[in-house]
1. From the list Ala289, Ala211, Ala221, Ala268, pick out the single residue that is modelled with pLDDT of 95 or more, surrounded by 19 or more Cβ atoms within 10 Å (Cβ to Cβ) and farther than 25 Å from Leu129 by Cα.
2. Can you tell me which residue within the range 181-208, out of those that are under 17 Å from Gly158 (Cα atoms) and modelled with pLDDT of 85 or more, is nearest to the chain's Cα centre (by Cα)?
3. Within the range 162-180, does at least one residue satisfy the condition of being on the phi > 0 side of the Ramachandran plot, in contact with a Gly (Cβ under 6 Å, 6 or more places away or on another chain) and not aromatic (Phe, Trp, Tyr)?
4. Among the residues of the range 164-178, are any under 20 Å from Ala61 (Cβ atoms), modelled with pLDDT of 95 or more and out of contact with any Pro (no Cβ under 6 Å at 6 or more places or on another chain)?
5. So which residues in the range 1-45 are within 21 Å of Ala56 (Cα to Cα), out of contact with any helix residue (DSSP H, G or I) (no Cβ under 9 Å at 6 or more places or on another chain), among the small types (Gly, Ala, Ser) and in a strand (DSSP E or B), if there are any at all?
6. How many of the residues in the range 96-126 are charged (D, E, K, R), buried (at least 16 other Cβ atoms within 10 Å of the Cβ) and modelled with pLDDT under 90?
7. Is there a residue in the range 293-308 that is over 27 Å from the mean Cα position of the chain (by Cα), at pLDDT below 85 and surrounded by 13 or more Cβ atoms within 10 Å (Cβ to Cβ)?
8. What number goes with the only condition from (1) under 30 Å from the mean Cα position of the chain (by Cα); (2) at pLDDT below 95; (3) not in a loop (DSSP other than H, G, I, E, B) that Gln54 does not pass?
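The values are calculated or read from the model by the stated rules, or taken from the named source; none is laboratory data. Here the structure is a predicted model, which means the values were calculated and not measured. When we count neighbours, we look across all protein chains shown, and the Cβ atoms used for this are built from the backbone with ideal geometry, even at glycine.
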Amino acid sequence: MVGVAPIRHSGDRIAGRYRLEECISQAGVFTSWRAVDEKLSRAVGVHLLSSGNQRAQQVLAAARSAALFGDLRFVQVLDAVESTTEPARPAQEDDGPADGPQPDGPQPDGALVYVLREWLPRATDLGTLIARAPLEPHEAYQMIRQVSDAMAAAHRRGMAHLRLTPSCVLRSETGQYRINGLAVDAALHGLSAEPGRPGAADAADGPAESAEVRDTRAMGALLYASLTGRWPTEEDRYGIPGLPRGTGEAAPDQIRAGVHRGLSDLAARCLFRDPGRRLAPITTPAELADAVAELPRIRPPQPATVTGAASAPGLTSGVSGVASPLAPNAAPGRGGGHGYPGYAGGGQGAPPRSAPTGPRRPCPAVPARR
């Protein structure tokens with residue numbers, strides 16, 4: 001049915017191969033799940049919507065474009081399929097007796113569009129990091145450098161995100177930032193990259209602007225929230241508190257003491273038409289990436305020290321005569337390694353578990369996570 005999300009439960013299988021494990025979100029016309037690819041023994045993310053939905057073809061086109069882009073700074077789209085029939089799930093003991101005669105074998109379940117993506121079980125989304133505390137300057141710099149470089153590359157290929165929220169930016173254990181939902185999230189929510197077309201902008205974000213401007217403003221908002229712990233509007237957004245009433249257009253260093261001046265200026269240049277301090281606005285991801293590259297080096301914080309501690313396994317000397325812990329495999333001042341956790345030829349995540357034996361759970365209406 002057009003406009004209604006497909007109803008699925010944990011334990012259901014898609015294409016006889018992808019077992020739905022946990023519903024992550026339901027957003028009107030689609031649902032998002034963590035699933036297990038039983039053929040390749042890996043966790044995957046799955047978006048589901050009815051093929052009769054008016055957004056279905058746009059979603060398929062966006063997913064296939066993102067898959068062809070193949071930049072590993074983005075969470076990879078593994079497949080995008082329109083299925084004319086879906087087999088029903090196998091019967092389970094907890095289902096109870098069925099009403100009426102039941103035919104043998106799998107039953108058609110309606111046409112379905114599903115998009116498969118990588119699942120990064122050990123990554124933490126930016127919203128969760130900000131909820132703990134504002135990022136220190138070096139970490140905020142690493143985030144905006146990596147995200148702006150990736151988005152600049154995407155826009156050079158004619159691709160946009162349009163829904164670049166804190167939950168879409170994932171930090172790995174090694175300090176690498178990856179972006180989820182390139183092109184696909186916008187299509188799922190019915191957004192268009194062309195100004196003036198229906199869905200060209202989120203009503204909460206003001207008048208329609210070009211895709212480059214919208215993605216640049218979104219990165220400015222991510223940087224602003226990372227530096228201050230506040231979303232740059234008076235309304236709370238994405239679980240992050242907004243600014244006090246009447247604040248107006250205030251740069252991050254006017255909101256919170258100790259904010260890095262150069263990063264504060266970058267956020268203001270992305271967000272405000274008149275950023276002040278005789279600074280020019282930034283309106284494209286490429287301009288932002290160049291501006292980040294021109295910043296003087298921002299040093300990482302000094303490791304925590306223990307006065308008088310002796311050297312021990314797992315500790316390396318940060319100051320002469322003082323032991324300081326470093327993360328495993330992390331190089332001092334480099335924000336960790338350069339790998340992508342769990343990514344090896346597209347496979348990652350937990351191996352498939354046995355089929356669920358408890359009550360089957362439908363997808364509740366909960367906020368999207370990753």
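1. Working: Ala289 fails: farther than 25 Å from Leu129 by Cα; Ala221 fails: farther than 25 Å from Leu129 by Cα; Ala268 fails: farther than 25 Å from Leu129 by Cα.
Going through Ala289, Ala211, Ala221, Ala268 in turn, the sole match is Ala211.
2. Step one: list which residues in the range 181-208 are under 17 Å from Gly158 (Cα atoms), which gives 181-187, 191-195, 200.
Within this subset, residues satisfying the condition of being modelled with pLDDT of 85 or more are 181-187, 191.
Working: Gly181: 6, Leu182: 9, Ala183: 12, Val184: 11, Asp185: 10, Ala186: 12, Ala187: 15, Leu191: 17 Å.
Residue satisfying both the conditions and the ranking: Gly181.
3. Taking the range 162-180 first, the residues on the phi > 0 side of the Ramachandran plot are 162, 175.
Going one step further and asking which of them are in contact with a Gly (Cβ under 6 Å, 6 or more places away or on another chain), we end up with 175.
Cutting the leftovers down to not aromatic (Phe, Trp, Tyr) gives us 175.
Yes; the residues of the range 162-180 include at least one that is on the phi > 0 side of the Ramachandran plot, in contact with a Gly (Cβ under 6 Å, 6 or more places away or on another chain) and not aromatic (Phe, Trp, Tyr).
4. As a first pass, look at the range 164-178 and keep what is under 20 Å from Ala61 (Cβ atoms): 164, 168.
Next, from what is left, pick out any that are modelled with pLDDT of 95 or more: 164, 168.
Still in the list and also out of contact with any Pro (no Cβ under 6 Å at 6 or more places or on another chain): 164, 168.
Among the residues of the range 164-178, at least one is under 20 Å from Ala61 (Cβ atoms), modelled with pLDDT of 95 or more and out of contact with any Pro (no Cβ under 6 Å at 6 or more places or on another chain), which makes the answer yes.
5. Passing the criteria: Ser25, Ala35, Gly45.
6. Filtering the range 96-126 for residues charged (D, E, K, R) gives 99, 104, 109, 117-118, 122, 125.
Applying the additional criterion that residues be buried (at least 16 other Cβ atoms within 10 Å of the Cβ) yields 109, 117-118, 125.
Within this subset, residues satisfying the condition of being modelled with pLDDT under 90 are 109.
Going through the range 96-126 one residue at a time, the tally reaches 1.
7. yes
8. (3)
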